[in-house]
Amino acid sequence: MANAEERRFDVLRAIVADYVSNQEPVGSKAIVERHNLGVSSATVRNDMATLEEEGYITQPHTSAGRVPTDKGYRLFVDRLSEIKPLSAAERRAITTFLDSGTDLDDVLRRSVRLLAQLTRQVAVVQYPMLTNAKVRHLEVVPLTPARLMLVLITDSGRVDQRTVDLGDVVTEEDVARLRTVLNAAMSGRRLNEAAARVAELPDKSPGELRDALIRVTTVLVESLAEHPEERLVLGGTANLTRNVADFPGSLRQVLEALEEQVVVLKLLAAARNPGAITVRIGEENEDEQMRSTSVVSIGYGRDDVVLGGMGVVGPTRMDYPGTIAAVRAVANYVGQILAGR
């Protein structure tokens, strides 16, 4: 029985491979000719009949060929024992391309462009989430004797610049004291904790610094309380239009859903551990507009901390092994780059 089940899975795997490659329904004769299964056409036909009865493949029209269903793709993905690794040249190209990023925005833009090129699908990357970020450093730069620039740098690579009008002149010595007090309260703390500590500073500070601190901390709390996790970078949308037949009557819905960032954020929300791939296929997607698509997503970060999510959206007729390998590799490099900054 086990041998029969394995053989049927080999038939399913052959159908998935050929259909993804050719976009044509696959018949028993083609399977025997292209795949060395060691069985007759009659056996393959019987296996295809069983697979169809169990809902793994379907006959799209009166031709002899079959195509995988969402259930068939799911079994195929669940039993992927090996993910084809990227070549050394591909890995070098990824490293070189992403290492050239000048700042967080540039790294994420490059990641999206790279993922879209590697997979020929739509790529999406979520900005690092506030909930996991910590303050690395706050630089306080005097622009004029009564105006400061605050440069907030987090360990996730986020750099936020704000200006503060103090309403009064402060000395260089006062600026240095402000810098020391603020960094003592914030450095190494998660952003929400840093916001709480900063908000308490004016009440504890020397009288001559209090007015300046009130203005500075008001701006800082606003900055710390923003939610960059609601920001996404999207790329490669035009890739979907190359295969309109994969989205019968629904391509416009998919494109509209991708424009609604809330939908895409929900798709990435499953990313809990760096390196853990999630694959949602067709009907498994909660949003009705996305049910003709598959979504391969992953969390990127460092150690066990997820900074954000990234992934690929494409048709269910997708090269799953290649897409999973590309998504995992890019996420891994992005995590390394942000950890090193």
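Measuring with a 1.4 Å probe in the full set of protein chains, what accessible area per residue, in whole Å², belongs to region 4-79?
Averaged over the residues of region 4-79, the accessible area is 52 Å².
Have a look at VAL141, TYR56, LEU338 and report the one farthest towards the positive end of the charge dipole of the chain, computed about the Cα centre with Cβ charges (Lys/Arg +1, Asp/Glu -1).
Of the listed residues, the answer is TYR56.
Could you compute the FRET efficiency for ASN243 and ASN332, with r as their C-beta to C-beta distance and R0 at 35 Å, rounded to 0.05? The partial results should precede the final answer.
Details: r = 28 Å, r/R0 = 0.80.
After rounding to 0.05, the efficiency reads 0.80.
Using Cα pairs under 8 angstrom and six or more residues apart, how large is the relative contact order of region 4-79, in percent?
Details: 89 pairs, mean separation 27.1, N = 76.
Relative contact order for region 4-79 comes out at 36 percent.
Check which residues have an amide H placed less than 5 Å from ARG302's amide H, if you skip close sequence neighbours.
LEU307
Let me know the shape class of region 4-79, please: from the alpha-carbon gyration tensor, a ≥ b ≥ c as square roots of the eigenvalues, rounded when a/c is under 1.5, otherwise prolate if a/b is greater than b/c, or oblate. Write down the numbers at each step before the final one.
Details: a/c = 1.26, a/b = 1.08, b/c = 1.16.
It is rounded, given that a/c, with a ≥ b ≥ c, falls under 1.5.
Stokes-Einstein at 20 °C, 1.002 mPa s, Kirkwood radius from Cα pairs: D for region 134-228 in µm² s⁻¹?
Numbers: Rh = 13.1 Å.
Value of D from the Cα-based Kirkwood radius: 164 µm²/s.
What full-extension length gain, to one decimal in nm, is calculated for LYS134 and SER187 as 0.36 nm per residue of separation minus the Cα-Cα distance? Each step should come with its number before you reach the end.
Details: separation 53, 0.36 × 53 = 19.08 nm, distance 0.76 nm.
That works out to 18.3 nm of additional length.
How would PHE97, PHE247 line up by accessible area, probe 1.4 Å, largest first?
On the way: PHE97 55, PHE247 5 Å².
Order by accessible area, largest first: PHE97, PHE247.
Apply the a/c threshold of 1.5 to the C-alpha gyration tensor of the chain and tell me whether it is rounded, prolate or oblate. Please list the in-between numbers first.
On the way: a/c = 3.38, a/b = 3.06, b/c = 1.10.
Verdict is prolate for the chain.
At a Cα cut-off below 15 Å, give the aspartates and glutamates reachable from LYS71, other chains included and same-chain residues fewer than 8 away excluded.
Result set, ordered by chain and number: GLU52, GLU53, GLU54, GLU283, GLU284.
Restricting things to alpha carbons, tell me how big region 138-187 is in terms of Rg and Dmax, in Å.
Spelled out, the Cα radius of gyration and Dmax of region 138-187 are 11.2, 34 Å.
Given contacts defined as C-alpha pairs under 8 Å and at least six residues apart, what's the relative contact order of region 1-158, whole-number percent?
On the way: 150 pairs, mean separation 22.4, N = 158.
With pairs under 8 Å counted, the relative contact order is 14 percent.
Residues with amide H under 5 Å of SER294's amide H, sequence separation 5 or more or different chain, H placed in the peptide plane at 1.01 Å from N; which?
When sequence neighbours closer than 5 places are left aside, the close amide H contacts are GLY282, GLY314, THR316.
Compute the relative contact order of the chain as a whole-number percentage, counting only Cα pairs closer than 8 Å that sit 6 or more residues apart in sequence. Walk me through the intermediate numbers first.
Working: 590 pairs, mean separation 62.2, N = 341.
After rounding, I find 18 percent.
The values are calculated or read from the model by the stated rules, or taken from the named source; none is laboratory data. On a predicted model such as this, the values are computed, not experimentally measured, just so you know. Neighbour counts are summed over all protein chains in view; Cβ atoms, including those assigned to glycine, are modelled from backbone coordinates with ideal geometry. Calculation scope for accessible area: heavy atoms of the full protein, side chains included, ligands and nucleic acids excluded. Shrake-Rupley method; radii C 1.70, N 1.55, O 1.52, S 1.80 Å.
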